[in-house]
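Below: the structure, in structure tokens.
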Amino acid sequence: IAAAAYAGIPLTHREQTDSLALLTGHGRPGQRVADLDWEKLATGVGTLVFYMGLTNLATICEQLISHGRSAQTPVAVVQWATLPLQRTLVGTLATIADEVALAQLEPPAVILIGEVVAYREQLCWYERLPLFGRRILVPRAEDQAADFARKLEQLGAQAVCIPTIAIVPPEDLAPLDQAVTAMASFDGVILTSVNGVDAFFDRLAANRQDIRCLAGVQLIAVGPKTAAAISSRGLSPDLVPARYQAEGVIEALLEQGVAGKRFLYPRAEVVRPVLLASLRSAGAEVVDPVAYRTIRPTGNEQRLRQLLESGELDAVCFSSPSSFDNLLELVGPELRQLQGKARWFSIGPITSQAIRARGFEVALEAPESTLDALLAAMAEYYAQVAQKG
């Protein structure tokens, strides 16, 4: 049933047939598929679905034709149904066995026989998804890859999630703890990532603080994902800049004025200095305790090399400079020779700059520094690839 749905074939149709038979195409030991009641099946049932029948496809077609079914009856064979690997061949009872052999289609596959197969051209949807069949590496932190992978799969891609980053607490939590217990002294909190949001609110809770201590404190989010993470904590961000990066935060804050104000900036261990330098030079005091660190997980080096060497990947999506840097460290210098086997996509200019600084090419950069913008750009990119053939 799923194979038919994902191939765009209705099993019954009011204008074609109201009967359906589900049949095994591979009998138990001692039982042959040729022993089925072919006379009744050939003319008495509208739609026939055979599972486990690919090796007996020629026999199935021959028996149906010899017992009265038209040789021109449409047939579809669906391999790896519902997966991004799905392949569908369409023919007739007279031709499908030869077409399957020519295409070297192998089990597992489902055979759909009947006039309803003709509706596939109109109703096919899964194989027309913009990223259908694309195999895309997602080198994000393990706990953050799932949402992006799910969205890739909704667009038809196969997401391969291998973390090149792990998020861990800082070696010393004392500076952050001191800051969150003195929230009344701050005018605003600058949060530039979901990781920063999680670390900040986790330390509030660990220090027996709650959202009441943020009354009157301006909450600044670098972009929509960070804003959504703040909202999930029961608060609405006061400021989300038009540009979803540090420069956007700087522009928005300088426009409203920061001289004499005190900001808390719970940050990653390694950040670009632009935000701190700009706000401090404008007269603001910025307290910037380390809220989290990114480390490079080990154990996946060989698998990453094999995927890149095999040419099985269509693309690699980088969502931060560190995701690229860590991949380079894990794979080693040979990554330069392997790049041509997969397209490299970047979430935004900061990540692209880091990739290009190492001498590598970026095939696609998202117009906005968000994963949703990257997904939309990928869909458009592959639509153009398809048009070019």
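The values are calculated or read from the model by the stated rules, or taken from the named source; none is laboratory data. Quick caveat, the model's predicted, so the values are computed rather than measured. Positions of Cβ are generated from backbone atoms using ideal geometry, with glycine treated the same way; all protein chains shown enter the neighbour counts. Areas reflect the complete protein model, heavy atoms only, side chains present, ligands, DNA and RNA absent. Shrake-Rupley method; radii C 1.70, N 1.55, O 1.52, S 1.80 Å.
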(request) With respect to residue 99, determine if the residue is of a type in the set (Asp, Glu), farther than 30 Å from residue 149 by Cβ, modelled with pLDDT of 95 or more and open to solvent by less than 70 Å² (accessible area, probe 1.4 Å). (result) yes
(message) I'd like to know if region 264-278 contains one or more residues that are over 25 Å from residue 321 (Cα atoms), surrounded by 14 or more Cβ atoms within 10 Å (Cβ to Cβ), in contact with a helix residue (DSSP H, G or I) (Cβ under 8 Å, 6 or more places away or on another chain) and touching a residue at least 40 places away in the same chain (Cβ under 8 Å).
(response) no
(request) Those residues that are open to solvent by 10 Å² or more (accessible area, probe 1.4 Å), among the β-branched types (Val, Ile, Thr) and modelled with pLDDT of 95 or more, I need them from region 161-190; list them, please. (result) 181
(request) Specify which of the listed residues (86, 79, 63, 104) is open to solvent by 30 Å² or more (accessible area, probe 1.4 Å) and farther than 14 Å from residue 43 by Cα. (result) 104
(request) Can you give me the number of residues within region 285-321 that are within 23 Å of residue 374 (Cβ to Cβ) and in a loop (DSSP other than H, G, I, E, B)? (result) 9
(message) Taking the condition of being assigned to a helix (DSSP H, G or I) and either open to solvent by less than 30 Å² (accessible area, probe 1.4 Å) or within 20 Å of residue 268 (Cα to Cα) (or both), how many residues in region 193-212 meet it?
(response) 13
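Let's see how each residue does on (1) closer than 30 Å to residue 189 by Cα; (2) open to solvent by less than 20 Å² (accessible area, probe 1.4 Å):
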| site | (1), (2) |
| --- | --- |
| 292 | yes, no |
| 303 | no, no |
| 321 | yes, no |
| 328 | no, no |
| 352 | yes, yes |
| 367 | yes, no |
(message) Of the conditions (1) at pLDDT 95 or above; (2) open to solvent by less than 50 Å² (accessible area, probe 1.4 Å); (3) of a type outside the set (Gly, Ala, Ser); (4) under 30 Å from residue 174 (Cα atoms), residue 378 satisfies every one except a single condition; which number is it?
(response) (4)
(request) Considering only region 20-112, give the helices (runs of 4 or more DSSP H) lying wholly within it that have at least 3 residues that are over 36 Å from the mean Cα position of the chain (by Cα). (result) 38-44, 57-66
